[in-house]
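Colleague: Shown below is the structure under consideration.
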Amino acid sequence: MNKPENVKKLIRGIEGPVVAMTTSFNKDMSIDFEGLKTLTDYYADKGIKNVIAAGSTGEFFSLTDEERKQVIKTVTEQSAGRMTVIGCAAHSGTQLTIDLAKYCQDIGCDAVMVTPPYYSFSDFEGLKKHYQMISDAIDIGIVVYFSGSVLRFPAIQKLIGENWSCPSEILELASIPQVCCIKDASGNYGWYRDISMRLDGENEIANIIGSDGMGYHFWGHNYGSRSFITGIGNMWPEVELDFFDKLKSGKTGEALQIIKDKEISYLRATKETGKYWSCVKYLLNEMGLPGGYMRPPLLDLNDLEKKSVKEVVISSGLLKK
């Protein structure tokens, strides 16, 4: 594969839990930049090696372009080389994405995360051109992200399915020079397996970042996936790091027990609210960390939802009474 050395380094080096950071908002909906710095230090000090700034969990869709830039810059500068920082450059148009990606490159991000344009694009050829033009414009890595919001497009639906082999179109996207990773939020275990076997592991064509936490990665790890988006790790990184260490060292039974004891009940309780990102901020606040408030159109948890989620994380041993 014709990949630059910095991209090859990212493919090999992005490993284990990846924290998709929240964006801390004050009660007046302004950005809590000091809170962002605190969270960045928290993850770096806990041993997290990879973070995404101003992504979906970071509510990028509620930020102005200038606010997004400042959030990404704050995290990048505060990280000071301690973590791989992936700035979210997802946008509705290719040139808009390129402009934001160039900014991320200029301020020192290691990579940018880019979804397909979330309003419209011209089938696979339009999608491929989108990523190729971004690749031609920057020198840092690109994380191709099939987020939940773009799975509705027929062109994406064609690419994501249990076909028992990696779709040729996915290989074409992965072969674009600056593409270092594919982040999968499909929830399709068969597809996750197929692309991991073809692209990741020993093949080193693209790093496959599985979403939906430890249980999803427990499956993908066996087929070559190197990394995964955290769930619990936004609040309790040590749990995710312990899980990954056990999995990597072959202690699969102990890794599975962490999922059973802690993650399953956590995911069930938080996703049942229909406000998963709100749960993350609420739990950060409960730990004395700057989760802050949600920005409309997203809402904070109500009192009943808070009570339900808190009871589960206490019973799982994640949060002390």
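Any read-out appearing in this document is the output of simple, stated calculations on the displayed coordinates, not a laboratory observation. Given the structure is predicted, the values throughout are model-derived calculations rather than measurements. Here the Cβ is made from the backbone with ideal geometry for all residues, glycine too, and neighbour counts use every protein chain on show.
Colleague: If the chain between Asp99 and Asn188 were fully stretched, how many nm would it gain, using 0.36 nm times the residue separation less the Cα-Cα distance?
Modeller: Values: separation 89, 0.36 × 89 = 32.04 nm, distance 3.23 nm.
The span from Asp99 to Asn188 would gain 28.8 nm if fully extended.
Colleague: Restricting the count to DSSP beta bridges whose residues both fall in the chain, what percent are antiparallel, rounded to a multiple of 5? If you can, show how the numbers build up before the last one.
Modeller: Details: 1 of 29 bridges.
If I count the DSSP bridges inside the chain, around 5 percent turn out antiparallel.
Colleague: What FRET efficiency do you get for Ala137 and Lys158 if R0 is 41 Å and r is their Cβ-Cβ distance, rounded to the nearest 0.05?
Modeller: 0.95
Colleague: Right, next: Express in nm, to one decimal, how much length is gained between Lys46 and Leu256 on full extension, taking 0.36 nm for each residue of separation and deducting their alpha carbon distance.
Modeller: Values: separation 210, 0.36 × 210 = 75.60 nm, distance 2.19 nm.
The span from Lys46 to Leu256 would gain 73.4 nm if fully extended.
Colleague: As a quick test, which of the pairs Lys49/Lys158; Lys271/Lys321; Lys9/Lys271; Lys9/Lys69 have an alpha carbon distance above 27 angstrom in this structure? Please report the intermediate quantities before stating the final value.
Modeller: Values: Lys49/Lys158 33 Å; Lys271/Lys321 22 Å; Lys9/Lys271 35 Å; Lys9/Lys69 25 Å.
With Cα atoms farther than 27 Å apart: Lys49/Lys158; Lys9/Lys271.
Colleague: Still on this structure, I have one more. Of Ile259, Ile229, how do they rank once you tally other Cβ atoms within 10 Å and put the fewest first?
Modeller: Ile259, Ile229
Colleague: If I model a spin label as a point 7 Å beyond the Cα along the Cα-Cβ vector, how far apart are those points for Leu299 and Ser62 in nm?
Modeller: Calculated label separation equals 1.3 nm.
Colleague: Per q in 0.10, 0.13, 0.14, 0.15 1/Å, what log10 I(q)/I(0) does a Debye calculation on the alpha-carbon atoms of the chain return?
Modeller: -0.52, -0.92, -1.09, -1.26
Colleague: So if R0 is 22 Å, what FRET efficiency would Lys248 and Lys321 give, r being the distance between their Cβ atoms, rounded to the nearest 0.05? The partial results should precede the final answer.
Modeller: Details: r = 33 Å, r/R0 = 1.49.
With R0 = 22 Å, the Cβ-Cβ based efficiency is 0.10.
Colleague: Can you find, among Gly220, Val75, Ala44, the residue farthest towards the positive end of the dipole of the chain? Put +1 on the C-beta of Lys and Arg, -1 on that of Asp and Glu.
Modeller: So the residue we want is Gly220.
Colleague: Something else: If each residue's Cβ is checked for other Cβ atoms within 10 Å, how do Asp28, Asp200, Asp123 rank with the fewest at the top? All intermediate terms of the calculation are to be shown ahead of the outcome.
Modeller: Details: Asp28 6, Asp200 24, Asp123 11.
So the residues, fewest neighbours to most, are Asp28, Asp123, Asp200.
Colleague: If you don't mind, there's one more thing I want to ask. In deg cm²/dmol and to the nearest 500, what is the mean residue ellipticity at 222 nm of the chain if only DSSP H runs of at least 4 residues count, each as -39500 (n - 2.57), divided by the residue total? Write out the running numbers ahead of the final one.
Modeller: Working: 14 runs with 152 residues, N = 321.
That calculation yields -14500 deg cm²/dmol at 222 nm.
Colleague: Also, I was wondering about something else. Could I have the simple spin-label model distance between Glu5 and Ser175, label points 7 Å from Cα toward Cβ, reported in nm to one decimal?
Modeller: In this crude spin-label approximation the distance works out to 2.5 nm.
Colleague: Here is a follow-up. Just rank Phe243, Phe33, fewest to most, by other beta-carbon atoms within 10 angstrom.
Modeller: Working: Phe243 30, Phe33 17.
Least to most surrounded, the residues fall as Phe33, Phe243.
Colleague: Follow-up. So, in nm, how far is label Ile314 from label Phe124 when the simple model puts each one 7 Å beyond its Cα toward the Cβ?
Modeller: Label at Ile314, label at Phe124, 5.3 nm between them.
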